[in-house]
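Beneath this line is the structure, given in structure tokens, with notes to follow.
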Amino acid sequence: MQKIITLSTDRRNGLYDITSEVVSLIKTSKVQTGIASVYARGSTCAIMIQENWDQSVQNDVVTLLNKMIPSGIWEHDHQDNNGDAHLKAGLVGPSETIPIIENNPGLSTWQNIFFCEFDGPRQRREIVVSIIADN
Amino acid sequence: MQKIITLSTDRRNGLYDITSEVVSLIKTSKVQTGIASVYARGSTCAIMIQENWDQSVQNDVVTLLNKMIPSGIWEHDHQDNNGDAHLKAGLVGPSETIPIIENNPGLSTWQNIFFCEFDGPRQRREIVVSIIADN
Amino acid sequence: MQKIITLSTDRRNGLYDITSEVVSLIKTSKVQTGIASVYARGSTCAIMIQENWDQSVQNDVVTLLNKMIPSGIWEHDHQDNNGDAHLKAGLVGPSETIPIIENNPGLSTWQNIFFCEFDGPRQRREIVVSIIADN
């Protein structure tokens, strides 16, 4: 089974929790054991597995990436002025593969699935979830 | 086939080679061609493919991440005092997908599979290995 | 279906676009829906999804990684003098999993698949592409 999750983003940099949407697709698929491949379609966004107890770690991710990859100093900025967004996206990466265990994602208690926006706000972002059964 | 590998860790930051456990699961599965998805369950740990000729690269990984992501300066530290561990885990990422070629992992000569601990020591860490046949 | 793509590299650090080779393998497989797992065999190279409008982002990736991970200061340099190459490879990672949608890779308009060389030039580098159908 494969489905596209869509969302809109409201900031230039921000993490958006998409765990419940992925759980819901796994439930619908009825796959008991296998993998869920989560893929962000866009070269200025990414997928990160991260804690979701409160907003603090999400803020820290944005702070860290802004410090590591400042804006305005890249060759690509002469084109689009978003060189930093591409570099953040490439480093974090668009794909994560999560095990499916007994028709649930095999996340630990504190692991959630986040879409990372690095060049928002955007009206429509797409995440492809592909569910593959272990056979 | 899916199996959970467990291990205990003895340092705050350290890499632990789990290649032989993954090889053994691939052998047991009898899958000739496909993929092995390796997933670290925990938001303060990760999976990295890295050289294992000696301890030097593993030490360098810890040194680099401590330099890039110092401890004690994050918003999340007010909560758990492990903001750096979450950031390291998110950046390295919990999942790697390795090809299976002729019932062996398709690693190169110097590639080994490491569990990365960023908030140890811990008595029990879990890694889920999902083996999917190409059909 | 599984195939090994080979390429030679002409610089110490550089990104090489392998999208058309991956598209061609997906077409040959006739898989309509599923995933393509792309894996770089080597502990001094990696796979990155990145923009390919022109050379600028590729140059920026090399600039960023050289700044984050300078050469010549690592414990592993006493052995092979390529500690930086291993660290870059470990951080970017050798695997990306891309959805297959209607017998095409589910990349967005600006996403291309790049092999990242961090210790070239090399006569022969190998990338394993494993195509798994959703069934």
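Some observations on this one:
- Prolate/oblate/rounded call for the protein assembly as shown, Cα gyration tensor, a/c under 1.5 rounded: rounded
- Spin-label model, B:ASP17 to C:GLN32: label points 7 Å out along the Cα-to-beta-carbon direction sit 4.6 nm apart.
- Residue-averaged beta-carbon neighbours from other chains (10 angstrom radius) around A:43-52: 6
- Diffusion coefficient, µm² s⁻¹, Stokes-Einstein with Kirkwood Rh over alpha-carbon pairs of chain C at 25 °C and 0.890 mPa s: 159
- Per-residue [θ]222 nm for chain B (sum of -39500 (n - 2.57) over DSSP H runs n ≥ 4, rounded to 500): -7500 deg cm²/dmol
- C-alpha long axis of helix A:19-29 to longest principal axis of chain A, angle in °: 40
- Assigned charges on the beta-carbon of Lys, Arg, Asp, Glu; the protein assembly as shown dipole about Cα centre (debye): 860
- Fewest-first ranking of C:THR9, A:THR6, using other Cβ atoms within 10 Å as the exposure measure: A:THR6, C:THR9
- Packing-based order for B:54-63, A:78-87, C:73-82, using average beta carbon neighbours within 10 Å, highest first: A:78-87, B:54-63, C:73-82
- Inter-chain neighbour count for B:123-130: the average number of beta-carbon atoms from partner chains within 10 Å of each residue's beta-carbon is 3.
- Whole-percent P(r), region B:5-58, all Cα pairs, 10 Å bins from 0: 17, 49, 28, 5.
- Reducing region B:74-135 and region A:84-129 to their Cα centroids gives an inter-centroid distance of 16 Å.
- For the residue pairs B:LYS30/C:LYS27; A:LYS67/B:LYS88; A:LYS88/C:LYS3; A:LYS27/A:LYS88; A:LYS27/B:LYS3; A:LYS30/B:LYS88, the alpha carbons lie more than 26 Å apart in B:LYS30/C:LYS27; A:LYS88/C:LYS3; A:LYS27/A:LYS88; A:LYS30/B:LYS88.
- Residue by residue, region B:119-135 carries 3J(HN,Hα) couplings of 8, x, x, 10, 6, 9, 10, 10, 10, 8, 10, 10, 10, 10, 7, 7, 10 Hz when phi is fed to the Karplus relation 6.51 cos²θ - 1.76 cosθ + 1.60 (θ = phi - 60°); x denotes Gly or Pro.
- Structural descriptor for chain C: relative contact order 53 percent, calculated from alpha carbon pairs under 8 angstrom and at least 6 residues apart.
- Label spacing, shortest first and in nm, from B:ALA133 to its equivalents in the remaining copies (7 angstrom along Cα→Cβ): 1.4, 1.4
Throughout, read-outs are computed from the coordinates displayed, never taken from laboratory work. Here the structure is a predicted model, which means the values were calculated and not measured. Quick reminder, even Gly has a Cβ in these numbers, built from the backbone with ideal geometry, and neighbours come from all protein chains shown.
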